[in-house]
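The values are calculated or read from the model by the stated rules, or taken from the named source; none is laboratory data. The model shown is predicted, which means the values in this text are computed figures rather than measured ones. Virtual Cβ from ideal backbone geometry, glycine too; neighbours counted across all protein chains shown.
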Amino acid sequence: MLATSSDLWLSFRWAARSGQMSRDVIGTVSAVDTGAPPVLDVAARDFFSRLYLNSRFVPLRVDYEAGEQAAVSMVFDDRRPVEGLLWPHRITTKRGGETIDDLFLDEIVVNPPLTGDDFVR
C-alpha cells in the first residue's frame, strides 16, 4: 500500500470556454499502488492518462488515450543536469506502438533573457 504521505485522491472540475462552446469536465486523479515507483492516473470523460514516476517523483513516461484514437506513450529519457534539475534531452512519442516523434534536445536554457525583438507580430 502507498504511504499516507504519498496517497493522493483528488477530485477536480474545470470549465473550458471558447466562443460559444462551454463544457464542464469532471475527472479524478488517483495514486495507484503498483508495488513499484509511483503511478498517477487521471480520468475524465473521453480521456485517460497514466503518469509513471521514479522513486523521486520525476516523470519517466506518460500514456494517454483520448476518444477513439490509438493510445499514445511519451517517454522522457537522457536526463542531464540544467540549472540544478535533471531535464530530459530525448522525448519519444509512440502511437499504437509506432514511433511518431523522436525529439532530441541539444541544449535546454532555463529563463533566458528576452527582449522585444524575440516577439514578432
(request) Among residues belonging to region 99-121 that are under 19 Å from the mean Cα position of the chain (by Cα) and not β-branched (V, I, T), point out the one that is farthest from V72 (Cα to Cα). (result) L105
(message) Taking the criterion of being in contact with an Asp or Glu (Cβ under 8 Å, 6 or more places away or on another chain), without any contact (Cβ under 8 Å) to a residue 60 or more places away in the chain and not acidic (D, E), would at least one residue in region 75-87 satisfy it?
(response) no
(message) Checking the condition out of contact with any Lys or Arg (no Cβ under 6 Å at 6 or more places or on another chain) and surrounded by 15 or more Cβ atoms within 10 Å (Cβ to Cβ), which residue from R45, R90, R79 passes?
(response) R79
(request) Output the strands (runs of 3 or more DSSP E) that fall wholly within region 25-106 and possess 1 or more residues being touching a strand residue (DSSP E or B) at 6+ places or on another chain (Cβ under 9 Å) and modelled with pLDDT of 90 or more, or say none. (result) 59-66, 72-82, 85-95, 98-104
